[in-house]
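These notes concern the structure reproduced below.
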Amino acid sequence: QVQLVESGGGLVQAGGSLRLSCAASGRTFSTYDMGWFRQAPGKEREFVAAISWSGSTTLYSDSLKGRFTISRDNAKSPVYLQMNSLKPEDTAVYYCNVARRFSGRRYAPGDYWGQGTQVTVSS
């Protein structure tokens with residue numbers, strides 16, 4: 001069984017920053033690629049960023065590149081999402097995911113998702 005737990009969400013003013021964390025337990029994640037997604041009210045879940053198991057390869061949504069940074073200290077550490085210059089349109093529930101496939105250019109989500117963490121950006 002796999003468990004993913006996101007944390008770090010909250011309420012922040014526009015222009016502020018938050019860092020989300022995704023901690024995994026259960027199976028060993030030493031060689032798993034991971035990703036972040038988000039879902040705003042009334043919208044479909046969308047891809048945010050992904051990182052390889054080693055941390056050497058990352059991929060970002062074009063619309064978020066430059067403001068968001070995905071990272072991990074090592075293959076077994078939590079995966080982080082640093083979000084800067086936040087905008088009201090970044091308001092959403094953010095989810096982490098274990099990849100089914102990640103080529104560096106394309107990310108295919110797997111079946112394991114966390115419960116999500118709410119990010120609310122006020123104007």
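The values are calculated or read from the model by the stated rules, or taken from the named source; none is laboratory data. Bear in mind the structure is a predicted one, so any value in this text is a computation, not a measurement. Please note: Cβ atoms are built from the backbone with ideal geometry, for glycine as well, and neighbour counts cover all protein chains shown. Side chains included, ligands, DNA and RNA excluded: accessible areas come from the protein's heavy atoms. Shrake-Rupley method; radii C 1.70, N 1.55, O 1.52, S 1.80 Å.
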Could you please put Glu6, Glu44, Glu89 in sequence from largest to smallest accessible area, using a 1.4 Å probe? Glu44, Glu89, Glu6
Whole-angstrom gap from the range 75-119 to the range 1-51, using each part's C-alpha centre: 4 Å
Dipole of the chain, positive end: most advanced residue of Thr91, Ser54, Met34 [Cβ charges, Cα centre]: Ser54
Taking only Cα atoms of the range 54-123, radius of gyration then Dmax in Å: 13.0, 37
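What does the charge count near Phe37 come to, summing +1 for each Lys or Arg and -1 for each Asp or Glu among other residues with Cβ under 14 Å from its Cβ?
Details: positive: Arg38, Lys43, Arg45, Arg100; negative: Glu6, Asp33, Glu44, Glu46, Asp90, Asp111.
My count for the surroundings of Phe37 gives -2.
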Net +/- balance of residues flanking Tyr95 in space, Cβ distance below 11 Å, scoring K and R +1, D and E -1: 0
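For Arg72, Arg106, what's the largest-to-smallest order of accessible area, 1.4 Å probe? Write down the numbers at each step before the final one.
Details: Arg72 25, Arg106 185 Å².
Final ranking, largest accessible area leading: Arg106, Arg72.
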In a Gaussian network model of the chain with springs linking alpha carbons closer than 10 Å, the residue among Ser63, Ser25, Ser54 that fluctuates most is Ser63
Gaussian network model of the chain, Cα within-10 Å springs - most flexible of Gly104, Gly35, Gly26: Gly26
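Please state, to two decimals, what the Cα-based radius of gyration of the range 45-88 comes to when divided by 2.2 N^0.38 Å (N = residues).
Details: Rg = 10.9 Å, N = 44, 2.2 N^0.38 = 9.3 Å.
Compactness ratio reported: 1.17.
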Round to the nearest 10 and report in Å² the accessible area of Asp73, as given by a 1.4 Å probe over the protein chains' heavy atoms. 120 Å²
Treat each spin label as a single point 7 Å out from the Cα along the C-beta direction, and report the Thr58 to Gln82 distance in nm. 0.7 nm
Heavy-atom accessible area per residue - the chain, 1.4 Å, Å²: 53 Å²
